[in-house]
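Engineer: Next up is a structure, given as structure tokens.
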Amino acid sequence: MAYRRRPQKVLIATAVAVALAATADTREAHACGCFTPPDPSVPVIQAGERIAFAMKDGIVTAHIQIQYQGNAAEFGWLLPLPSIPEMELGTDELFNQLTTRTQPKYRLVRKYEGNCGFGSRVLGPVPASAGTAGGNSGPEAVDSGSPLVIQASIGPYDYAVLKADNKEPMLKWLADNHYFVPAGTDETVGAYIRPGAFFLALKLQSGQSSGDLQPVVVKYASDLPMIPIVLTSVAAQPHMGIQVWMLGASRAIPRNYYHTVINDQQINWFTSGANYNDVIINAVGEATGKHSFVTEYAGASKILQKVLNPPGRFGAEAQLASQPDAVAFVEYVLSHGFTLTSQVVTILGRSIPFPAGLEKMKITPQNFYGSLRYFLEMFRPMNPAAFEGWPGISYKPDEMSKELFDRVVKPTLAAGALFDD
């Protein structure tokens, strides 16, 4: 699934096979680059990148969630590809649902004897796998002598597709056009340079913040989905994992990484697997080269059918835009199946800014928008200091509705359709 360079970096990954296709070749590694799960028995995984692949008729569709914290001007993302891609926006909710429904759950089954719970004995452990227990611009014309193939924008991003047969012209074009190239990239790009190869470069548009980051969907022709772990390792933290899901006609296997099975007896069942990430790190550390994938789910895609796209979800754009005020607008959003992902929170925040004083009180934007009527009509009169300096609401229902349907509804329904197909 990836290059075996840099053995001193322990890059572990959890590969979750959802109905599943095959992965990469050692020499060719093309295609790759949170929210806390509500179920406390789902272990929290430290993942630097999450990717959901779908394989059909020689086309790879890769949904990629990019993890980044920092200055928006210093956000830069490079993806090696075997062919010229098509770009769409994705949704964080896809990965929230995949994580919740496919990661293993660790629960103790208790049997109580007598008339009370004292002296009960534990019969577990019994593992239960999840499922069983903005406006875009079109491509610009390019100079035939340039490495540039496509230059366009989508949602909050500007992007470019560059020929990757020579790294110097490619890196120079990126620098000249203000694409931030992370330190160390120059050394690792060479593994992906060859005739007929391409790079996708992504950056946030001017005026966007790191909170505007959104998953992207990259569609390209290829026999296999591949993950450029050598390039991903440039920005990786020690022991940082990559989570991967595969949708296809058969089960996926790593082609050039080991496959590790963890020892469930090492799991702390009394804390619902709170040490799960550490158990994986230790298990992968025993593999040659310290590179390995762990399969957490292998089964039918039906566990996610109609989860993202149930009939009638999200309501109608025109009806949402017709709401008389900001409170009614948010209540419509919440009552029609929207979840307060980072994309929804960011869009709402443009017209209904989150008061900075609430953050000092450990109140999150999700808390604020989830109970907007309460915070504006009851909490604010009792806590005026929390709203000091708050600019107030600039209600723009048409703009918010369009952005919600473009950046949230359409990507979510498209992601849900993958599991129906």
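Engineer: Given the C-alpha centroids of the stretch 238-289 and the stretch 179-202, what is the distance between them in whole angstrom?
Structural biologist: Taking the Cα centre of each part, the stretch 238-289 and the stretch 179-202 sit 28 Å apart.
Engineer: Note the full-extension length gain between residue 175 and residue 259 as 0.36 nm times their separation in residues minus their Cα-Cα distance, in nm to one decimal. Could the numbers behind the result be given before it?
Structural biologist: Numbers: separation 84, 0.36 × 84 = 30.24 nm, distance 3.88 nm.
Length gained, residue 175 through residue 259: 26.4 nm.
Engineer: Quick check: residue separation of residue 335 and residue 287 times 0.36 nm, minus the Cα distance between them. What number comes out in nm? Show your work: numbers first, answer last.
Structural biologist: On the way: separation 48, 0.36 × 48 = 17.28 nm, distance 4.84 nm.
Length difference between fully extended and current span is 12.4 nm.
Engineer: Over the stretch 163-296, average the accessible area per residue using a 1.4 Å probe and give it in Å², no decimals.
Structural biologist: 44 Å²
Engineer: Can you flag which of 219/306; 172/396; 306/402; 105/360; 105/362 are past 32 Å Cα-Cα? Don't skip to the answer; put the middle values down first.
Structural biologist: Numbers: 219/306 23 Å; 172/396 41 Å; 306/402 23 Å; 105/360 34 Å; 105/362 29 Å.
Violating the 32 Å limit, Cα to Cα: 172/396; 105/360.
Engineer: If you plug each phi of the stretch 362-377 into the Karplus form 6.51 cos²θ - 1.76 cosθ + 1.60 with θ = phi - 60°, what whole-Hz ³J(HN,Hα) values come out, in order, with x for Gly and Pro?
Structural biologist: 3J(HN,Hα) across the stretch 362-377, in whole Hz: 6, 9, 8, x, 4, 4, 4, 6, x, 9, 4, 4, 4, 5, 7, 9.
Engineer: Give me the one-decimal nm value for the distance between modelled label points at residue 86 and residue 271, 7 Å along each residue's Cα-to-Cβ direction.
Structural biologist: Simple spin-label model gives 4.7 nm for this pair.
Engineer: What is the calculated FRET efficiency for residue 394 to residue 73, with r their C-beta to C-beta distance and R₀ = 35 Å, to the nearest 0.05?
Structural biologist: 0.85
The values are calculated or read from the model by the stated rules, or taken from the named source; none is laboratory data. Note that the coordinates shown come from a computational prediction; the quantities given were computed from them, not determined experimentally. So basically every Cβ, Gly included, is an ideal-geometry build from the backbone, and we count neighbours across all protein chains shown. For accessibility, only protein heavy atoms count, side chains too; no ligands or nucleic acids. Shrake-Rupley method; radii C 1.70, N 1.55, O 1.52, S 1.80 Å.
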